[in-house]
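Undergrad: The structure under discussion is supplied below as structure tokens; questions concerning it will follow.
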Amino acid sequence: MAAVAVGVIVIRIPESPALWIGLLLGAILLVAVLIAEFIVYDARDPRYGTVATVLMGLALFLLLASFLTIQVLEVRALFAIPLTFFACLIVTWRLMKLVLPENRVWPWAALTGFIISQLALGLHYWPISPLRRGLLLGLIAYLCYQWTVSHLRQDANRPPFLIEMAVIGSLSLLAILWLT
């Protein structure tokens, strides 16, 4: 997804020195992601925690960016819903594998992708801005991911977790509704 994101950005830069700078920065980002993926291959590596956190942040950012791109381009639902499903499936699978490398997480990632794609289908026909739709999908995907990881760790019903998720969800929803 990082390569696609870099490609989407770079192709929009007009031919100028800025294009070469964009290509150089994109290449550096892709090499950094490749090195980071190599580091997180071994969970015993002392750099694993830091690099995994950076990769998780990048993955969540790219997922949100893909949701926003699909919504802002106002792609027809026939194409938008499968794109949303696959983006969510792939990113949540990778996120879950970073946190729970020993678990089989494909079914949970597929369930998250299904939930998000169904919400995307419903929101597609609502008269709200594409920015708001994309942000709502990103928020719900994040909450589904967090709940799934906590469920697999068997601490999803702890009151602190439930309060944390309620606060994050409520404040984020209020911010989305107020700012967009």
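Undergrad: Output yes when any residue across region 60-68 is under 17 Å from the mean Cα position of the chain (by Cα), surrounded by fewer than 16 Cβ atoms within 10 Å (Cβ to Cβ) and without any contact (Cβ under 8 Å) to a residue 24 or more places away in the chain, and no when none is.
TA: yes
Undergrad: Just checking, which of Ser150, Ser170, Ser117, Ser129 is within 21 Å of Thr53 (Cα to Cα) and either in contact with a helix residue (DSSP H, G or I) (Cβ under 6 Å, 6 or more places away or on another chain) or of a type outside the set (Phe, Trp, Tyr) (or both)?
TA: Selected residue: Ser150, the only one of Ser150, Ser170, Ser117, Ser129 that is within 21 Å of Thr53 (Cα to Cα) and either in contact with a helix residue (DSSP H, G or I) (Cβ under 6 Å, 6 or more places away or on another chain) or of a type outside the set (Phe, Trp, Tyr) (or both).
Undergrad: For region 131-180, give me the residue count where each residue is under 18 Å from the mean Cα position of the chain (by Cα) and among the basic types (Lys, Arg).
TA: Adding up the residues that qualify gives 2.
Undergrad: Can you tell me which residue within region 98-146, out of those that are surrounded by fewer than 22 Cβ atoms within 10 Å (Cβ to Cβ) and among the polar types (S, T, N, Q), is farthest from Glu37 (Cα to Cα)?
TA: Ser129
Undergrad: Using the structure shown, decide if Pro46 is surrounded by fewer than 18 Cβ atoms within 10 Å (Cβ to Cβ) and either free of Cβ contacts under 8 Å to residues at least 40 places away in the same chain or at positive phi (or both).
TA: Yes: the conditions hold for Pro46.
Undergrad: Quick one: would you say Leu78 is without any contact (Cβ under 8 Å) to a residue 24 or more places away in the chain and out of contact with any helix residue (DSSP H, G or I) (no Cβ under 9 Å at 6 or more places or on another chain)? Please lay out each step first, then the result.
TA: On the way: without any contact (Cβ under 8 Å) to a residue 24 or more places away in the chain: yes; out of contact with any helix residue (DSSP H, G or I) (no Cβ under 9 Å at 6 or more places or on another chain): yes.
So Leu78 passes the test.
Undergrad: Another question, if that's okay. Looking only at region 5-30, count every residue that is in contact (Cβ under 8 Å) with a residue 60 or more places away in the chain and loosely packed, with under 14 Cβ neighbours inside 10 Å and tell me the total.
TA: Counting residues in region 5-30 that are in contact (Cβ under 8 Å) with a residue 60 or more places away in the chain and loosely packed, with under 14 Cβ neighbours inside 10 Å gives 1.
Undergrad: When only residues in region 77-112 that are aromatic (Phe, Trp, Tyr) and within 12 Å of the chain's Cα centre (by Cα) count, which is farthest from Val54 (Cα to Cα)?
TA: If we filter region 77-112 for residues that are aromatic (Phe, Trp, Tyr), which is where we start, we get 79, 85-86, 93, 106, 108.
Then keep just the ones that are within 12 Å of the chain's Cα centre (by Cα); that gives 85-86, 93.
Numbers: Phe85: 24, Phe86: 22, Trp93: 16 Å.
Top of the filtered list is Phe85.
Undergrad: Out of everything in region 46-94 that is of a type in the set (Ser, Thr, Tyr) and at pLDDT below 90, what residue ends up being farthest from Val8 (Cα to Cα)?
TA: Taking the candidates together, the pick is Tyr48.
Undergrad: A follow-up question, please. Does any residue of region 24-39 turn out to be in contact with a Leu (Cβ under 7 Å, 6 or more places away or on another chain) and assigned to a loop (DSSP other than H, G, I, E, B)?
TA: No; the residues of region 24-39 include none that is in contact with a Leu (Cβ under 7 Å, 6 or more places away or on another chain) and assigned to a loop (DSSP other than H, G, I, E, B).
Undergrad: Something else about it: Here is a list: Leu55, Leu24, Leu34, Leu29. Which entry is of a type in the set (A, V, I, L, M) and under 14 Å from the mean Cα position of the chain (by Cα)?
TA: The unique qualifying residue is Leu55.
The values are calculated or read from the model by the stated rules, or taken from the named source; none is laboratory data. None of these values were measured; they are calculated from a predicted model. So basically every Cβ, Gly included, is an ideal-geometry build from the backbone, and we count neighbours across all protein chains shown.
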